[in-house]
1. Pop a pseudo-label 7 angstrom from the Cα along the beta-carbon direction at both residue 102 and residue 341 and give the gap in nm to one decimal.
2. Within 10 Å of each residue's Cβ, count the other Cβ atoms and sort 20, 217, 8 from fewest upward.
3. Suppose the chain between residue 210 and residue 301 were pulled fully straight at 0.36 nm per residue; how much longer would it get relative to their current alpha carbon spacing?
4. Stretched out fully, how many nm does the piece from residue 350 to residue 269 gain, at 0.36 nm a residue minus the Cα gap?
5. Once you place label points 7 Å from the Cα toward the Cβ at residue 309 and residue 250, how far apart are they in nm?
6. Quick one: divide the alpha-carbon radius of gyration of region 2-274 by 2.2 N^0.38 Å and tell me what you get.
7. Could you tell me how far the Cα centroid of region 233-273 sits from the Cα centroid of region 2-19, in Å?
8. Suppose each label sits 7 Å from its Cα in the direction of the beta carbon; what would the residue 65-residue 364 distance come out to in nanometres?
Amino acid sequence: MVTNAFGSHELERFDYAEASASGQMSVDRLDQDLVNAIDRHGFVLIENAVRPEDCDRLVAEMRPYIDATPHGLHGLGGTRRVGALVARSAASHRMIAHPAILRLANAILGEQQLSGDAVRINGRSGKGGKGEKGFRYPWQLHLTQIIDVGPGAGTEAMPHHLKLHRANGMWVHDFQDTGIDPQIEVMWALTDFTTDNGATHVVLGSHREEPRGGSLSHRQPTIQATMYKGSALVWTGWSVHGAGVNTSAERRIGMNINYALAFLAQEENQLLACPPHLARRLPESLQRLIGYRQPAGALNYVAECQAPADSVLKEDFDVLVPGAHGHTMNPELDGPAFAPAGEDDYRRKLRDLEARKVEAVAADDLELALHLKRAISVLKRSPRI
Ligand SMILES: O=C(O)CCC(=O)C(=O)O
């Protein structure tokens, strides 16, 4: 228990493996306990959220990228920061899409349960109050980042610790008076986090400082969130925290996974970090979590007002192929087009494209040949045939 300017607080710990082995009622209770703890203290710790060997696999998959990254590249002291986890590490998917954490993110971001207000969408508030079915803010993955804190305090220019701060604030807009929680952060322990190796410092209760971006929190005592590998520390974008100094001989490896409202720009652009040719191989739920979807209204449409699933995620989609959407044309309304108007037109267009592809290959213009290959594939799937 810690007493500071925000009252008496503690870092509550819950065991995920134990709850999930004890049946649905325990899982439901865990979900509510997590929301309540983070609401009261600004932080909550989930122990045994995955198995230690899942962490080892993830670190092994990321090792080549970690080892190839200089310290301090991010500008955040002497820590090593390595991202694009969705594309680079299959083992990370289990943690990024961890069911308890996604449910917690939904309660905090989708339903805004921490503020205690009903979610308001389009100026309408849910009649039934918070959590009413159909009333959710869209949210998505915001950042994936290994944070590798090396042994020793580093140098003055590149200290290995990170000073106390809040995550909100990156969008320039001041959300302090809106009463909303725009993001949550999760720190996964991929190695044990100890007092000596720089376990994250937290200021309990700091998410309730008024005004929400105030500096009183930065002068409060911290505690360190020590945890075994496979555990996850979760906090809100308003909760004040920072990395500790690693005085041990080992590296401290954490993985920061953040989620934020889907109408705000992502800190790590997931659509570039996991481009369509890689995203096509992912399960649909993960594609959607990283942002290949239309979270609200027309947001995120591609080319001819298509959803990502109806464009970039399709095999062979090429934005430079006219009619790449493959949708039916109406000859009376749409006029001459890439899509064939009938059997004869189809054969003529196919012959022409194939001949051009052969010429491109003969001329060693492989880029053009690939482009024509995609055009042939779009032509072939045209539903008018
Ligand atoms: O590594 C940690 O323990 C905290 C990292 C952090 O606060 C940050 O990257 O914003």
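What follows is calculated from the coordinates using simple rules that are stated; it is not laboratory data. Everything numeric here is computed off the predicted structure, so don't read it as measured data. Cβ sites come from the backbone with ideal geometry, for glycine too, and all protein chains shown count toward neighbours.
1. It is 4.8 nm.
2. Numbers: 20 16, 217 27, 8 12.
Ascending Cβ contact count within 10 Å gives the list 8, 20, 217.
3. 28.9 nm
4. Extending this stretch completely gives an extra 25.4 nm.
5. Spacing of the two 7 Å Cα→Cβ label points: 4.3 nm.
6. Details: Rg = 18.0 Å, N = 273, 2.2 N^0.38 = 18.5 Å.
Taking N as the residue count of region 2-274, the ratio is 0.97.
7. About 20 Å separates the Cα centre of region 2-19 from the one of region 233-273.
8. That separation, rounded to one decimal, is 3.5 nm.
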